[in-house]
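All remarks here apply to the structure that follows.
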Amino acid sequence: MEQKAKKILVIDDDDGVRRTLCDGLRDCGYLVWEAENGEQAMRRIDKGMQPDMIVTDIIMPDKSGIQTIMEIRDKYPDIKLLAISGGGHARNVDYLEVARKMGAHAIMHKPIKMKELEDLAREMVGESHARND
């Protein structure tokens, strides 16, 4: 019996980063959606998009990754969350550690190594069974 591909939503305001992550995850066999910011992501999820996992940047306009994580944890507690960031220390606050405390299941520092992301996605939501190896 063939299983459906696991679904991952990538949220990042940087087009290049978002495309790279999406392409890499698709190459691993995942069904991947994308959103430019937390507001767009929440609209899509609230309208019925049901990802197994979300990869979200932390520092974004309109709605930060922290705010997005908190809202997802509240509304959709079964979705696995990976917070990513290329920096972001303000007043000795590490945004990725804050994200973990607010409900992110895992964190990664940019630049993201695709092999590490693939391994972490597999650990968080399981193997995607869409591709034939």
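Some observations on this one:
- Charge tally for residue 76 (other residues, Cβ to Cβ under 13 Å; Lys, Arg +1; Asp, Glu -1): +1.
- Beta bridges from DSSP with both residues in the stretch 7-123: antiparallel share about 10 percent, rounded to the nearest 5.
- Cα gyration tensor category, rounded, prolate or oblate, for the chain with a/c compared to 1.5: prolate
- Estimated purely from DSSP H runs of n ≥ 4, each contributing -39500 (n - 2.57), the mean residue ellipticity at 222 nm for the chain is -11500 deg cm²/dmol once divided by its residues.
- Size of electric dipole in the stretch 53-120: Cβ of Lys, Arg +1 and of Asp, Glu -1, about Cα centre, debye, nearest 20: 120
- Treating r as the C-beta distance of residue 100 and residue 4 and R0 as 35 Å, the FRET efficiency rounds to 0.75.
- For residue 110, the residues whose modelled amide H falls within less than 5 Å of its own, excluding neighbours fewer than 5 places apart on the same chain, are 85, 86, 87.
- Peptides 23-30, 8-15, 75-82 ranked from most to least packed, by the mean per-residue count of other Cβ atoms within 10 Å: 8-15, 23-30, 75-82.
- Put simply, when 108-116, 60-68 are sorted by average Cβ atoms within 10 angstrom per residue, most first, you get 60-68, 108-116.
- For the stretch 28-112, with +1 on Lys and Arg beta carbons and -1 on Asp and Glu, the positive-most of 60, 104, 76 along the dipole: 104
Taken together, the values in this text are just the output of simple stated rules run on the coordinates, not laboratory data. It should be emphasised that the depicted structure is a prediction, and the values quoted were computed from it without experimental measurement. Note: ideal-geometry Cβ built from the backbone for every residue, glycine included; neighbour counts use all protein chains shown.
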